[in-house]
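For reference, the structure discussed in these notes is given below.
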Ligand SMILES: [Zn+2]
Ligand SMILES: [Zn+2]
Ligand SMILES: [Zn+2]
């Protein structure tokens with residue numbers, strides 16, 4: 001292990017203390033096998049691997065024989081702010097998934113390369129002027145927004161960027177409702193794309209759905225101003241999905257036009273509540289960017305499949321915290337923010353009836369993020385807006401969608417990618433145990449063919465807790481950084497078709 005950065009005296013003290021623990025060597029091994037997880041899960045228990053034909057115990061693992069009396073496994077959190085190394089696994093999987101939908105691989109036929117595909121970005125409209133940092137063509141920073149009262153040239157990383165210039169007149173209600181309705185707006189948009197395509201071909205929508213199918217992979221990203229926007233790969237297949245081509249009338253230009261028109265026309269209505277000023281319309285902002293996806297990436301309006309997949313995968317591991325808000329809920333998990341118990345008659349015992357885990361005013365967040373959270377909290381008390389579940393999603397500034405979603409036939413799934421990795425690990429374990437090539441590993445409770453070459457895993461596990469001490473956390477971070485470096489170097493080496501993402 002090498003340290004690439006300087007530690008403070010205090011950090012050195014906790015590092016030394018952690019390394020002095022008699023179980024440190026084994027701890028380091030386990031954390032390395034989690035990829036340097038920042039918040040590992042601690043388990044107690046045992047597992048046996050048995051050859052059912054002979055009754056021979058091939059492997060007997062028991063945490064009581066471990067120096068620390070526990071097994072550490074990865075947390076698998078997708079958020080880079082919570083666990084950079086597990087987020088990296090998620091990012092790599094998302095990359096594979098998005099890329100397979102563009103060029104084939106992982107159950108998707110390579111013929112999808114010939115299907116119309118485009119990459120679009122859908123943003124929110126303005127809810128009032130915010131501080132921004134825009135560069136001129138020569139790289140100098142433009143004056144922020146002189147007309148709105150800010151004549152600064154904001155430096156890179158200035159925390160003011162994204163915050164309302166005049167919080168008193170900023171439309172926080174509109175912004176929060178927009179985040180809350182953005183998923184519905186996306187669904188509305190896809191139905192209009194289908195309608196537009198039908199119009200081009202002179203077909204009814206029903207007939208269109210019999211000849212082609214719209215597939216997409218989509219990632220949500222928060223802008224500095226706390227509004228979500230979507231990056232989407234859209235692909236047009238034949239009615240059966242990726243194995244089939246759509247009729248030739250549907251070129252990539254026709255698809256792009258349909259997407260642009262749909263973005264301009266799509267509108268949904270947010271429910272009206274006491275504090276919403278009536279029933280508000282929710283539409284996309286004017287900046288809709290649609291680009292063709294090509295292999296070479298020639299021309300200004302084209303991007304390559306690798307760029308698109310890399311871009312989407314990167315955003316899939318970020319959430320609202322990149323805009324300076326929280327990475328965990330404000331609402332009490334028990335009562336979902338209502339402050340009442342399940343009968344609705346008594347106060348929730350967990351939060352004492354407050355509904356929240358924190359006082360929003362006491363959170364160390366910027367003013368803009370606090371105002372968005374407070375607006376969610378206030379509107380969330382209104383029964384007329386109940387369906388938006390604004391209190392449980394206040395930390396996400398009202399957005400309650402998934403960060404990465406895809407239509408059913410766009411590509412492979414994250415579950416399939418994970419189980420492929422699990423199978424790879426099982427096969428490695430069987431080779432290690434000296435089992436025959438065709439042997440498979442099963443859990444006692446699985447369905448399996450008793451006549452085939454099979455070994456059985458029997459296990460009993462119990463949850464002990466999670467996390468690190470201060471010193472362990474520093475070591476884990478260093479391990480994660482070392483592994484990332486190894487991965488970077490491995491990219492220059494020849495690779496198998498199946499890359500095992502650590
Ligand atoms: Zn983790
Ligand atoms: Zn400014
Ligand atoms: Zn509660």
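Structure values in brief
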read-out	value
Binned Cα-Cα distances of segment 3-92, short to long, each 10 Å bin given as a whole percent	15, 31, 34, 15, 4, 1
Cα Rg, Dmax, segment 15-163, angstrom units	26.1, 83
Unit Cα scatterers, Debye sum, segment 377-432: log10 I(q)/I(0) for q = 0.21, 0.23, 0.30 Å⁻¹	-0.80, -0.86, -1.09
Rg/Rg_globular for segment 339-480, with Rg_globular taken as 2.2 N^0.38 Å and Rg from C-alpha atoms	1.68
Taking N as its residue count, the alpha carbon Rg of segment 330-384 over 2.2 N^0.38 Å	1.18
Principal semi-axes in Å for segment 211-269 [√(5λ), Cα gyration tensor, largest first]	27, 14, 10
Whole-number D in µm² s⁻¹ for segment 121-184, Kirkwood Cα-pair radius fed into Stokes-Einstein, 10 °C, 1.306 mPa s	121 µm²/s
Computed P(r) (all Cα pairs; segment 102-238; 10 Å bins; percent)	10, 28, 26, 19, 14, 3
Spatial separation of Cα centroids for segment 173-234 and segment 33-54, in angstrom	43 Å
Mean ellipticity per residue at 222 nm, deg cm²/dmol - from DSSP H runs of n ≥ 4 across the chain, formula -39500 (n - 2.57)	-10500 deg cm²/dmol
Percent of Cα-Cα distances greater than 44 Å, calculated over the chain	26 percent
Cα point-scatterer Debye curve for segment 164-260, base-10 log of I(q)/I(0) at q = 0.11, 0.25 Å⁻¹	-0.44, -1.30
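Every read-out reported here was derived from the displayed coordinates using simple, explicitly stated rules and does not represent laboratory data. All values derive from a computational prediction rather than experimental measurement.
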